[in-house]
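Before any comments, here is the structure.
The values are calculated or read from the model by the stated rules, or taken from the named source; none is laboratory data. Since the structure is predicted, the reported quantities are computational estimates derived from the model, not experimental observations. FYI the Cβ positions are ideal-geometry reconstructions off the backbone, even for glycines, and counts take in every protein chain you see.
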Amino acid sequence: MTHLLYLDPGSGSYFLQVIIAAAIGALFYFKTGWNWIKSFFVKQPPEDSKKNNNEQP
Amino acid sequence: MNSLKPHPASFRDPAGFVYKKDESIYRFVSNKYKEEFTSFITTGLYKELVAEGFIIPFEQIAENHFNDKEWFTTLKPNYIPFISYASEWCFDQLKDAALLTLKLSRRALYKGMILKDATHLNIQFLHGAPVHIDSLSFERYHEGESWAAYRQFCECFLNPLLLAVYHNMEVHKLLTAYKEGVPASITSGLLPFKTKLKPSILLHVHLQAKLGGKTNSHETKKRKLTSKDLLHIIQHLESCIQALNIKKTKSTWNNYYDETILSTNYLTAKREIVTSWLTTIHYSTAVDLGANKGEFSELLNKNASVIATDFDSNCIQSLYGSLKNNSITNILPLVIDITQPTPATGWNNEEQQSFVSRSQYDLGLALALIHHLAIGKNISLIQIAQLFSNICSKLIIEFIPKDDPKVADMLQNRKDIFEKYAIGEFENAFTTYFNVIKKEGIPHSNRTLYLMEKK
């Protein structure tokens, strides 16, 4: 595996990204749960959240 | 003997370098980057990003100009008429550049690749929008790797944007001081406490400042990063940056035409004279010095490549927004203080060129500017004439005499040491370098317009 590391290795800070990824995962989990609870009380808006989906592979 | 040399700013990346040959720009691609480059093409990523105008297209050329045995291929990217730097951009320009960088990282991950660097130096503005110019920035992503450019992205984009939002700091000044980006430790110290309650800022700035570049930990052995993790980080950064906006602030300059004593009749008359003169001259490049909100830049030929400069970032921010809204793509607004233009910086003072050395225009506009330079900054008329003659071949310039209310305002609370600030002296200074082609007094004022051509 060739690595052209021309940024210093600390730039990627593996540990930090592990924590951030885990925290974002937890936030997402919390948000989904909260939205699920909210959906019982609030009327769903029309689906317009697919605007970025065309960017998916 | 081969006299070709790599561009002075292109020496850090072992994957290749940029060079100039016969007035064209080329990129040498090394064998070391062969597999990455092949993936960039075969995954369809290159084609997709070019189609959307996100990256600069290139032509692949089978010529080894350096006769180097490390040569893999040569690229000839499309021409960019003017290179600008982040230290000359307003808030929204940096924000758009940040969002483009994140979008590219995300698109790359969808195709099993990743952006290996995320600096604002890889972004230029072309036809009114940011475009990524470093074709060697994409490499294959291997599951388990982190995003090597994460910290660089935060320092170059996120941190200056946050400081602008929470501290009214101007991004161009921050990036003049911190050429390679503002470190998390400095940003974290300056941001108010309430930002610790925002998950995005807490994670990407405060936590980063706390952890620094810690790499060896048991945690990293327990949990391996995946492309999905990196996508989450990138999407999180995207939504964080998307939400950042600066308040429209009133400065002396961004309401100059709306609120000052300048009458509408004077402005209309000035616009008519400039418009009629513009039809009589040929130019394909132009600079508007002290463009304010670009009212006069917009009179210039739509086929000409125009740089609209002002030292007030609020004006450039408004201008950038209105150009975007009106889809005007030939004008590049930049925050430039002509009395302190961008210096040459980087290794050997050659990596980033000074504003003056990048400036060579067919036409210059200097409207309602000369009194700010001569009286506001004590620059002599001959010095001003000399600088203008260095950067433009033709010049439309407005002389504003001492009895003008604006100049009178400037002199109200200071001693008048400007004996030589008079129309005769102005003409003497400028005719040292220029021939006057046209001269006309602007109705409803005591100001005079000149069209000049360099001797």
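Hey, does the range B:429-438 have a residue that's crowded, with 19+ Cβ neighbours inside 10 Å, of a type outside the set (Gly, Ala, Ser) and modelled with pLDDT under 95? No, that holds for no residue. Only residues that are at pLDDT 90 or above and either in contact with a Pro (Cβ under 6 Å, 6 or more places away or on another chain) or surrounded by fewer than 11 Cβ atoms within 10 Å (Cβ to Cβ) (or both) were counted in the range B:257-272, giving 1. In the range B:187-215, the residue that is surrounded by the most Cβ atoms within 10 Å (Cβ to Cβ) out of those that are without any contact (Cβ under 8 Å) to a residue 12 or more places away in the chain and away from chain A (no Cβ under 14 Å) is B:LYS194.
Tell me, please, whether a residue that is over 21 Å from the mean Cα position of the chain (by Cα) and in contact (Cβ under 8 Å) with a residue 40 or more places away in the chain can be found in the range B:153-172. Among the residues of the range B:153-172, not one is over 21 Å from the mean Cα position of the chain (by Cα) and in contact (Cβ under 8 Å) with a residue 40 or more places away in the chain, which makes the answer no. Filtered by the rule that a residue be under 25 Å from B:LEU99 (Cβ atoms), away from every other protein chain (no Cβ under 12 Å) and outside any helix (DSSP H, G or I), the range B:28-62 gives B:GLY53, B:ILE55, B:ILE56, B:PRO57, B:PHE58. Number of residues in the range B:85-142 that are assigned to a loop (DSSP other than H, G, I, E, B) and either among the small types (Gly, Ala, Ser) or within 13 Å of another protein chain (Cβ to nearest Cβ) (or both) equals 13. Could you say which residue among B:SER24, B:SER30, B:SER3, B:SER87 is closer than 30 Å to B:ALA164 by Cβ and small (Gly, Ala, Ser)? That would be B:SER87, the only listed residue that is closer than 30 Å to B:ALA164 by Cβ and small (Gly, Ala, Ser).
Take the conditions (1) under 30 Å from B:THR38 (Cβ atoms); (2) surrounded by 22 or more Cβ atoms within 10 Å (Cβ to Cβ); (3) more than 11 Å from chain A (Cβ to nearest Cβ); (4) not aromatic (Phe, Trp, Tyr); B:LEU162 misses just one of them, which is (1).
In the range B:11-23, which residue that is buried (at least 16 other Cβ atoms within 10 Å of the Cβ) and either free of Cβ contacts under 8 Å to residues at least 12 places away in the same chain or within 22 Å of the chain's Cα centre (by Cα) (or both) is nearest to B:TRP71 (Cα to Cα)? Per the criteria, the residue is B:PHE17.
Within the range B:143-152, does at least one residue satisfy the condition of being assigned to a loop (DSSP other than H, G, I, E, B), in contact (Cβ under 8 Å) with a residue 40 or more places away in the chain and of a type in the set (Phe, Trp, Tyr)? Taking every residue of the range B:143-152 in turn, at least one turns out to be assigned to a loop (DSSP other than H, G, I, E, B), in contact (Cβ under 8 Å) with a residue 40 or more places away in the chain and of a type in the set (Phe, Trp, Tyr).
Can you find a residue that is modelled with pLDDT under 95 and within 20 Å of B:ASN330 (Cα to Cα) anywhere in the range B:123-144? The answer is yes, given that some residue of the range B:123-144 is modelled with pLDDT under 95 and within 20 Å of B:ASN330 (Cα to Cα). For the range B:349-405, filtering for residues that are of a type in the set (Phe, Trp, Tyr) and not in a helix (DSSP H, G or I) leaves 2. Checking each residue in the range B:1-27 for being touching a helix residue (DSSP H, G or I) at 6+ places or on another chain (Cβ under 8 Å) and more than 12 Å from chain A (Cβ to nearest Cβ) picks out B:PRO8, B:ALA9.
Of all the listed residues (B:ASN378, B:ASN390), the sole one being farther than 24 Å from B:ILE273 by Cα and under 26 Å from the mean Cα position of the chain (by Cα) is B:ASN390.
Checked against the criterion of being more than 13 Å from the chain's Cα centre (by Cα), touching a residue at least 12 places away in the same chain (Cβ under 8 Å) and under 22 Å from B:THR119 (Cβ atoms), the candidates B:SER313, B:SER318, B:SER357, B:SER322 yield just one match: B:SER357.
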